[in-house]
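For reference, the structure discussed in these notes is given below.
The values are calculated or read from the model by the stated rules, or taken from the named source; none is laboratory data. All values reported here derive from a predicted model rather than from experimental measurement. Positions of Cβ are generated from backbone atoms using ideal geometry, with glycine treated the same way; all protein chains shown enter the neighbour counts.
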Amino acid sequence: MTVNYIVLVHNNPLQSKKLITTLNQKDAWFYVHVDQKTKIAPFQTLLQEIPNLTIVPNELREECNWGGVGVVKACLTIFRMIIKSGREGYSVLLSGQDYPIKSNTYITEYLKKFQGTDFITCFPLPSPNWSYGGMNRLSHYKIDLSSKRGDFIQLPSVWSREFYSYNSLKKILKLILRKKGRHLSKLFQKKKLPDYIRPYGGDAWWSLTTETSSDILKYLDLHPDLLHFMTCSNLSDEMIFQTIVMEIHKDNPSKIRKSVTYANWSGMDEPSPKTITPEDLGKIISLSPDLLFARKFDIIKYPKIFALIEDTDLEFKE
């Protein structure tokens, strides 16, 4: 069984290397996707000595704007690379700001214990976990005003009553002033999830079997309209994989368990989880044995937290 780590990075090459070298072991392979907006050379320089690592080439890189579909497309690209390699096992999605809170031996044995299970948190939409039940993600078009985090608007189509409001008018004027008026044409198309599937949401970070990774690709090959729909939706990476995995396992939901990645969310719809500090060590120690990774970390602000985790009794030492 190979653990195929999908590592999405956009800054801090040194922290990315720390993550990868800590996880590196026999039967592990790393696929690193560097955000298209980020210079790739520093990552290439630091990671070139790691033989079991592939950096997604320039022509396949995606612009991973916050809440955009770039993350989804990057994962799909790496799924294809994993399937082509023939390295069967798991596809584990991490960001460069994640870090293991269990040893490599523990992680491998845990995945072997539940081999065939997909670890992805899923809940049906609408859900009280998200504002508006998450339904505005499905009914509204997301239009980026720039690549900056949070610099976007959401608008319903002209076929929705909600479109005819002062709030919509303000957003349209903002689009025009920001010279993004060309995107208004998409509002003349109804935005509706395809009838053949039920929407689910959940955490963006998951560990899926390579069989499920392949099934997701096959499903989207058969239903390209679903990816097109999600391309125009806010935070599609928190919906598309959950929706498809639930469809794949609709007759056997026991094959799905919650995500094995911990994040400290301070409240509903926060843009990102709280950064883990040395003061959070007690919380990390008390986490469930079913949690293998945590996020997010900052090696510049809190460099000591990594050694503190490694020195605990969380089955970290080999």
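Within the range 172-207, the set of residues being among the basic types (Lys, Arg) and surrounded by fewer than 18 Cβ atoms within 10 Å (Cβ to Cβ) comprises LYS174, ARG178, LYS179, LYS180, ARG182, LYS186, LYS190, LYS192, ARG198.
Do any helices (runs of 4 or more DSSP H) lying entirely in the range 176-256 carry at least 3 residues that are farther than 27 Å from ASP151 by Cβ and out of contact with any His (no Cβ under 6 Å at 6 or more places or on another chain), and which ones are they?
The helices (runs of 4 or more DSSP H) meeting that bar are 210-222, 240-248.
Quick check on the range 75-86. Is at least one of its residues under 29 Å from SER147 (Cα atoms), free of Cβ contacts under 8 Å to residues at least 60 places away in the same chain and not in a helix (DSSP H, G or I)?
Within the range 75-86, the first condition is being under 29 Å from SER147 (Cα atoms), and the residues that meet it are 75-82.
Cutting the leftovers down to free of Cβ contacts under 8 Å to residues at least 60 places away in the same chain gives us 77, 81.
Of the ones still in play, those that are also not in a helix (DSSP H, G or I) are none.
Checked against the condition, which is being under 29 Å from SER147 (Cα atoms), free of Cβ contacts under 8 Å to residues at least 60 places away in the same chain and not in a helix (DSSP H, G or I), the range 75-86 yields no hits at all.
Count of the range 149-171 residues, restricted to those that are under 29 Å from HIS10 (Cβ atoms) and either surrounded by 11 or more Cβ atoms within 10 Å (Cβ to Cβ) or assigned by TED's automatic domain parsing to the domain that holds LEU227 (or both), is 7.
Within the range 227-261, the set of residues being under 21 Å from LYS113 (Cα atoms) and out of contact with any helix residue (DSSP H, G or I) (no Cβ under 9 Å at 6 or more places or on another chain) comprises ASN252, SER254, ARG257, LYS258, SER259, THR261.
Being modelled with pLDDT under 95, of a type in the set (Asp, Glu) and under 16 Å from the mean Cα position of the chain (by Cα) narrows it down to one residue among GLU63, GLU49; which is it? Reasoning before the result, please.
Values: GLU49 fails: under 16 Å from the mean Cα position of the chain (by Cα).
Selected residue: GLU63, the only one of GLU63, GLU49 that is modelled with pLDDT under 95, of a type in the set (Asp, Glu) and under 16 Å from the mean Cα position of the chain (by Cα).
Filter the range 145-166 down to the residues that are assigned to a loop (DSSP other than H, G, I, E, B) and not small (Gly, Ala, Ser), then identify the one that is modelled with the lowest pLDDT. Applying the filter and picking the extreme gives ARG149.
Would you confirm whether or not the range 215-222 contains a residue that is more than 23 Å from ILE6 (Cα to Cα) and more than 17 Å from the chain's Cα centre (by Cα)? If you could, list the steps in order and put the result at the bottom.
Step one: filter the range 215-222 for residues more than 23 Å from ILE6 (Cα to Cα), giving 222.
Those left that are additionally more than 17 Å from the chain's Cα centre (by Cα): 222.
Checked against the condition, which is being more than 23 Å from ILE6 (Cα to Cα) and more than 17 Å from the chain's Cα centre (by Cα), the range 215-222 yields at least one hit.
Of everything in the range 260-308 that is more than 17 Å from LYS17 (Cα to Cα), of a type in the set (A, V, I, L, M, F, W, C) and assigned to a helix (DSSP H, G or I), the residue that is modelled with the lowest pLDDT is ILE285.
Would you please name the residue that is modelled with the highest pLDDT, looking only at residues in the range 98-144 that are touching an Asp or Glu at 6+ places or on another chain (Cβ under 7 Å) and in a loop (DSSP other than H, G, I, E, B)? Across the range 98-144, the extreme among qualifying residues is THR121. Looking across the range 1-55, the residues that are under 22 Å from ALA307 (Cβ atoms) and of a type in the set (Ser, Thr, Tyr) come down to TYR5, SER16, THR21, THR22. Pull up the range 1-23, narrow it to residues that are modelled with pLDDT of 95 or more and within 17 Å of GLU88 (Cα to Cα), then point me to the one that is surrounded by the fewest Cβ atoms within 10 Å (Cβ to Cβ). Here the answer is THR2.
Look at the range 122-140: where a residue is closer than 20 Å to LYS250 by Cβ and a partner is assigned to a helix (DSSP H, G or I) and small (Gly, Ala, Ser), sitting 6+ places away or on another chain with Cβ atoms under 7 Å, you get LEU125/GLY133; LEU125/GLY134; PRO126/GLY133; PRO126/GLY134; SER127/GLY133; SER127/GLY134.
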